Every structure is written in structure tokens, then in C-alpha cells.
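The values are calculated or read from the model by the stated rules, or taken from the named source; none is laboratory data. Nothing here was measured: the structure is a model prediction, and the numbers come from that model. Here the Cβ is made from the backbone with ideal geometry for all residues, glycine too, and neighbour counts use every protein chain on show.
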Amino acid sequence: MTPWVIGVLVLIVAGVLVVLYRKRLSAQGSTDAEEIDRLAKTGSDLTRVHAIEFLFYFPSRASADEASARLRAEGYKVSIKDDVTGTRCTLRATRSMVPILSELEVLRSKLNELAGREGGLYDGWRAEVVK
């Protein structure tokens, strides 16, 4: 293969990866909008403070503890539960806030980054209806 052909193939692969990454980010952002929509449809008053629960999965207790310390420092209430199989930990972080889409999207980015640093996964948020 010539260097020119290899260069073209690298550009094509890079382009595909960029498109896939953008789709992933777009899908994540819509998750926040969908959850806000669910709250609205079930009669929640979106102008009031909600107890929002953010869910994470970590491969070990040590990584969950590290993320927990960072979240507590930012004012979250945190609980960690070991999986029955012992292969992962579930971390739930709760924060009281008004569910505003732009703020939740910023938090999603930060929480994805936090989870990634510890080898974990941020799995989104839920909130109970507030009348």
C-alpha cells in the first residue's frame, strides 16, 4: 500500500470515529432532556428543588471510594453498595437542585469525566416527582 492510500484510510477512520463520538454525546444529552420530560409529564413542578440521584458503577470498592470522596467534597450525599458477585460497586450520589437541562448537561460531562478517571461508568440520573 502506498503512503497516500494509507493516509486516506486514516482520514476515513478518523472521520467515522468523530461521527460516532458526536452521536454518543448527542444521545447522552438527550437522556437528560428525556428525564426532564418524564418528570414534567408525571406532574412534577420543574421550578422546585428535586433530590436528584446520580448513578455510577465502579470496578472496585477502592475506585468507588475515591469518586465518593470527590463527590462528597462537592456537596453530594453518597452511598456505595458492593455487587453481590463482588465484581463491581454501585455508587449513588444525591444532590438537591432544580432540574435545569443546561446544568444537568454540564454535570453529565463532569460526572462522566469523574467516573472515567476511576475506571467507572456514569449511568445518568433520576428524580422523584415534586408537586
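Observations, loosely collected:
- Selection within region 45-59 - crowded, with 17+ Cβ neighbours inside 10 Å and closer than 13 Å to M97 by Cβ: H50, I52, E53, F54
- Filter result for T42 (loosely packed, with under 13 Cβ neighbours inside 10 Å and without any contact (Cβ under 8 Å) to a residue 24 or more places away in the chain): no
- Residue that is modelled with the lowest pLDDT [pool: residues in region 70-127 that are basic (K, R) and over 23 Å from D37 (Cβ atoms)]: R88
- Residues in region 69-87 that are surrounded by 13 or more Cβ atoms within 10 Å (Cβ to Cβ) and either in contact (Cβ under 8 Å) with a residue 24 or more places away in the chain or touching a Gly at 6+ places or on another chain (Cβ under 6 Å) (or both): R70, L71.
Residue-wise test of (1) over 18 Å from D123 (Cβ atoms); (2) under 15 Å from the mean Cα position of the chain (by Cα); (3) assigned to a loop (DSSP other than H, G, I, E, B).
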site: A51; (1), (2), (3): no, no, no
site: L55; (1), (2), (3): no, yes, no
site: A69; (1), (2), (3): yes, no, no
site: S96; (1), (2), (3): yes, no, no
site: E105; (1), (2), (3): no, yes, no
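- The one condition in (1) closer than 18 Å to T31 by Cβ; (2) not in a loop (DSSP other than H, G, I, E, B) that V78 fails to fulfil: (1)
- Against the test of being among the β-branched types (V, I, T) and in contact with a Pro (Cβ under 8 Å, 6 or more places away or on another chain), the options T31, T94, T47, T87 yield a single qualifying residue, T87.
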